[in-house]
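Below is one structure, written out as structure tokens; the observations come after it.
We did not get these values from a lab; they are worked out from the coordinates using the rules stated. The structure displayed is predicted, hence computed values, not measured ones. Virtual Cβ from ideal backbone geometry, glycine too; neighbours counted across all protein chains shown.
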């Protein structure tokens, strides 16, 4: 046995190397679990049912947009996506405007009520969304907002407040308090400190919250189905129309699904570094 062969065998049996190989293997398997369904949806969007069931993983005979055009004609996906963008953008703005001051109070203003306030927001994790369905429907009906997309703009921030406040408070704790003290000495008010100093410094945490909430708001189905009329349906509700009543055209359905996940993929691809930075900073320093 040569020396090189002996060294290679020793490295393979080394605990650290074995752990690394196992980690890479599991990572590759996990990537395949994610990539294969995405690949299947992508190629199915350019096929008919016969091609999908005959050769599920084979490339389509031709790449055309016939299924996408049919999906648009059946479910008006462009209008539904525009409504989803409007609802998501409005809910994101309301969430940040409410969550950032609350997170600042929890992270910086130390009073006997601070711990109680943080516990109050944390209790939101214990409430299932389904349990709020009937009270929310009754409330929106009393406000005259039932079947109006504005109802989702007001409801989504209430659901997202727990995660948003906890993530932002965790990140704000990483900002040195000396920065605020210097600003106070220079005569800055608390509102000016929030707006001109902490808000820019907390950008990674804010981006993290925005992306997390974007995924939640964009993909939400139950409340969008109940609170909004069919004329103002969001894209997730519109996808259910593509199923049909008896025969399902999986090519058209795949085209609709591909269009619905495209904005999520683009947003996460563009802001993934900020998301990782925001979560990492808050978890280590907070």
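Details
- Comparing 135, 204, 263 in a Gaussian network model of the chain where C-alpha atoms under 10 Å apart are linked, the largest mean-square fluctuation is found at 135.
- Distance from the range 215-248 to the range 66-94 (C-alpha centre basis), Å: 10
- Computed over the chain: relative contact order in percent, which uses C-alpha pairs under 8 Å that are six or more apart: 30
- Segment residue 178..residue 127, full-extension length gain: 14.6 nm, with 0.36 nm per residue of separation and the alpha-carbon distance subtracted.
- Burial order of peptide ranges 250-256, 48-54 (average beta-carbon count within 10 Å, highest first): 250-256, 48-54
- Of [x] 55, 46, 34; [y] 62, 47, 39; [z] 79, 71, 34, the label for Cα extents along the principal axes in Å derived from the coordinates: [z]
- Pairwise label distance in nanometres, residue 185 with residue 262, each label 7 Å out on the Cα-Cβ vector: 5.5
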